[in-house]
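These notes are about the structure you will find just below.
The values are calculated or read from the model by the stated rules, or taken from the named source; none is laboratory data. Keep in mind the model is a prediction, meaning the values are calculated, not measured. Reconstructed Cβ throughout: ideal geometry from the backbone, glycine too, with neighbour counts over all protein chains shown.
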Amino acid sequence: MKALILLFDGYAEFEVNLVGLFFNGDGNEVVMTADRDEVDYVTGGANFRTVPHVKLSEVNPAEYDVLAIPGGSLTHLLDHEPVLNLIRAFHREGKVIGAICAGPALLGAAGVLGDHSYTTSYSPENHEVAHLFNWETCTGRAVTVDGNLVTAKGNGYVEFAVALAERVNMFDSPEEKEGTLDYFKNRLPDEPQVLS
């Protein structure tokens, strides 16, 4: 499996760290691109600098299984056609698109959210983006999967990464999926550890 993570200045690093972890290694690959070509690095909301692997203009959606869009400070992208066209291209190809926290606003701006069930950290009171959503189909859950779209609230980042991995059949069994959730949600039984 191959995942593309869209980065931009002010993106929420923690919301896609596990996506990167799950899609890296064991024959899987994670690739990062920025919202613009002429950039050496992107600075996230926690001030981490990330170097994109590929220019946005060079991304071929046919080479990927998943597009992951973090939240963060992204309102400047709501009318940024290169990003919106990337989302539309992934959607046309039927690829899995994941958007977390503020990320679903980009799905709305790209016109792919439509009447899909979704969730987001935004509310109708967020007037700058409220018009991009059909609030009747907002589930309010931590994660919502509808067709090729996986959306999540920002604090559902573990469930988000697991849902993306599950959507592309990365788990061998329901037990493996639940074990992954248990591990990253710290729901494992307390066991004494011997440190040497």
Inset, instruction - Within segment 59-75, count every residue that is touching a residue at least 24 places away in the same chain (Cβ under 8 Å) and exposed (fewer than 14 other Cβ atoms within 10 Å of the Cβ). - result: 2
Inset, instruction - Output yes when any residue across segment 64-79 is at pLDDT 95 or above, part of a loop (DSSP other than H, G, I, E, B) and farther than 19 Å from L113 by Cβ, and no when none is. - result: yes
Inset, instruction - Please verify whether segment 182-196 includes one or more residues that are more than 13 Å from A99 (Cα to Cα), without any contact (Cβ under 8 Å) to a residue 60 or more places away in the chain and surrounded by 15 or more Cβ atoms within 10 Å (Cβ to Cβ). - result: no
Inset, instruction - Scan (1) within 14 Å of the chain's Cα centre (by Cα); (2) at pLDDT 95 or above for the single condition T50 breaks and write down its number. - result: (1)
Inset, instruction - Answer with yes or no whether A130 is in contact with a helix residue (DSSP H, G or I) (Cβ under 6 Å, 6 or more places away or on another chain) and either modelled with pLDDT of 95 or more or surrounded by 13 or more Cβ atoms within 10 Å (Cβ to Cβ) (or both). - result: no
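Of the residues Y64, Y41, only one is among the hydroxyl-bearing types (S, T, Y) and either touching a helix residue (DSSP H, G or I) at 6+ places or on another chain (Cβ under 7 Å) or within 17 Å of I97 (Cβ to Cβ) (or both); which?
Y64
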Inset, instruction - Could you grab me the full set of residues in segment 1-44 that are buried (at least 23 other Cβ atoms within 10 Å of the Cβ), farther than 22 Å from N155 by Cα and of a type in the set (A, V, I, L, M)? - result: A34
